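Written out below as structure tokens is the structure these notes cover.
Readers should treat all values here as calculations from the given coordinates under stated rules, not as data from a laboratory. Note that the structure is a prediction, hence the values are computed from the model and not measured. Glycine also receives a Cβ, built like all others from the backbone with ideal geometry; neighbour counts cover every protein chain displayed.
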């Protein structure tokens, strides 16, 4: 009786919403908190378990305790009691076994263990007897599991059987309604029969109304193509007084009929009527806003669509169907809107630039007039709307003010809540973080965080342009009064591309934005259908894009679950066109990355052995062992070129100059894509060719090192650790003298100088960059900041057949997009920066997929990272005993090839016998150290001879290094840096 009362209490406590897909069971809302009735039940049942161990009712008591803990929300404890019942039940008590497995499945589902829940409910069928109630519950539990994991159609036969054998009145109508909802997607006739039965049954009015609404919708869809006739049943429902509280739902259904029939103006009108209805409920408002937002987005009216998306966030109920999916979408729609707008703007400018002068000027004049007219019309509408808000209800005012661009007066506390703990819900946190960063930028969690932002008073956009605030409207009027037709006209003329470079830049922006759009749909919104459409549009417009291998691989993976033919098609294109790419390798062998990581680890250990042999002077052994290692390794291996370089240095130690030259030439020829040691090999060879007098009398190409000068070849050196400190010279481990820079200047002056050689080396480097650069390169884009105008007025299609006004907000936005192709042949990394959220950076995961991550935001903490300071780039190795000499040698190679004439050094510090810090620097500005980080990060896996999970990197000032006193402080700082 107590359990029955508890189930009834749960049923009445839950908010009923029959617009969403129902669940098979009513689940408790508590989370293990004290519960008087269930605690009393547990105490009573324990008396039997503890005092009547020989009683035949012990298993009944254990079963009651398990269910009581379940209703309390203590799911772990409940599952433990069901496990005990499964183990200790008597052979004749078959029903207990099946019921215990089914209840355990429910508990595991509540804990998020979907796979284990499926195994548990399947086990219930293995011990199922012929008891009717037991079979009903087990079949319902199976349907519950399938519905919860998204396999609704597979759940239908189980739910249908449970419905046919169920005798409980409440569950019977609930399951019939859910079954009708499941049939609605595939078998309309069966759904129509069930909805008709429910609409005439003795059920709650909310259920009967929704069933009648669905019945009318399914009926009209097959009767006629006349839209007015199809909407007739709904107009009839509008006139019935009993439906007065549900007018918004009826109007929404009428709008859907007209939208599906192509009469979009009628549809939008009825959607607006639904939104204005006084009795609108948040769920229906969300549905209506979403349909309108998607409609305007499909029509490329992006700013209007964005205002509807923003409105959804102010009213989104926590019980909305697939609420986390919608939250992900809302979090990134502003970024998508900006990207689509920019692409339309660039297409307009390209089309204008390709016109003859006389035609172009006429079109620009027309667009400028449309822009000015649209601005004036907007101001008039805004004034009217500002005066009419008093008549709106308080419920609708927040949503409508957001739709028009103003922040709502007060948002419900549960907008971004979830049935589970907020900070465990990544989607809710993502939406909140995005909104916070848009308003405040990146802030540290500390006292006075509001005042720790940009000291320069960097402006932050906190509200959209459109607003209901009267003061803001007056301000808009003043701005509009200052604008003139000539100003609108000049904005177009200033942005139109003229030279071939200008056209190339515009197309490059479109190309990069299309990549970012596809990445957002796939990796964040997780809408594969939209991602496929975006990627295929990219390939259609830019068939020779340098990121084609990533795109083919992404399409191959996304089509795999929906269209095997298309999946095979893109896999074949990938392997045919890019057979040596990492994506082709992963497509052919899903375990390729694991094998590659194992090979990298093996090569790291081999390199470390060779490094030690070299530093001990055993050069002949280095040559022999390196030859063996290279014979069993593919030339495509990341470490092969570095092993070959050690072998070449050993040849230089024991062989003639000609032998050393031949070894260097072999590296250049065998590893053309390498960017770490090949530049050094070219430099060494060049130096020897132009300084033959220095090598004329040498027996061996390389002689003993002279620490008094900078040698033309840096050789491996086993520097004792942790002898170096942040103020030490990495070459000698001695403190830096005050005149260190002067000494370096003297050393450089003493080195042979040859202007012709410098010029030839520069030409050589230029040729290398030209050969390694893709058609769309980093060097051609990085560092370039282009002011991008928003799509302020008429958006001109590429064929100039039509033009329209999509945006009347003339504010400037900035965006930069960069493609980076490393000379190592590594997959191209795509970064896109837009809005105030930060940057999205493409990376290759261990499965070979390219994903995008948030990078540094524009609102860094200037106290922690000022523009000017003494900075270091730090690699944090979380192992105090690993020998870092080989890794430090790789860093030296990088510095010599990229910063040959600078004073950058790498120094080692052991922190509290927990971490080793490799510090590269010093750098004088934040921009310099970020540039260094950008250059070295792609090569860090090759440079570091330790597993990637054992190290990370960050940027830090000289003053802050002193605060890193132990592993915990380093971990906390790294977390802060990642957030920044």
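So the values come out like this:
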{"read-out": "Projected label distance in nm at residue 276 and residue 669, using a 7 Å step from Cα toward the beta-carbon", "value": "8.2"}
{"read-out": "Fully extended contour minus Cα-Cα distance, from residue 601 to residue 969, at 0.36 nm per residue", "value": "129.6 nm"}
{"read-out": "R0 of 25 Å, Cβ-Cβ distance residue 862-residue 958: FRET efficiency to nearest 0.05", "value": "0.90"}
{"read-out": "Extension gain, residue 4 back to residue 50 (0.36 nm per residue minus Cα-Cα distance, nm)", "value": "14.1 nm"}
{"read-out": "Compactness of the range 517-592 - radius of gyration and Dmax, Cα, Å", "value": "11.7, 33"}
{"read-out": "Extension gain from residue 23 to residue 950, taking 0.36 nm per residue of separation minus the Cα-Cα distance", "value": "329.2 nm"}
{"read-out": "Calculated FRET value between residue 169 and residue 565, using beta carbons and R₀ = 51 Å, to 0.05", "value": "0.55"}
{"read-out": "FRET E, pair residue 321, residue 239, Förster distance 30 Å, beta-carbon r, rounded to 0.05", "value": "0.50"}
{"read-out": "With 5 Å bins from 0: P(r) over the range 868-980, alpha-carbon pairs, percent", "value": "2, 12, 24, 26, 21, 12, 3, 0"}
{"read-out": "Percentage of interatomic Cα-Cα distances in the range 1-129 larger than 25 Å", "value": "27"}
{"read-out": "Separation of the residue 686 and residue 37 label points, Cα + 7 Å toward Cβ, nm", "value": "8.4"}
{"read-out": "Rg/Rg_ref, the range 594-701, where Rg_ref = 2.2 N^0.38 Å and atoms are Cα", "value": "1.09"}
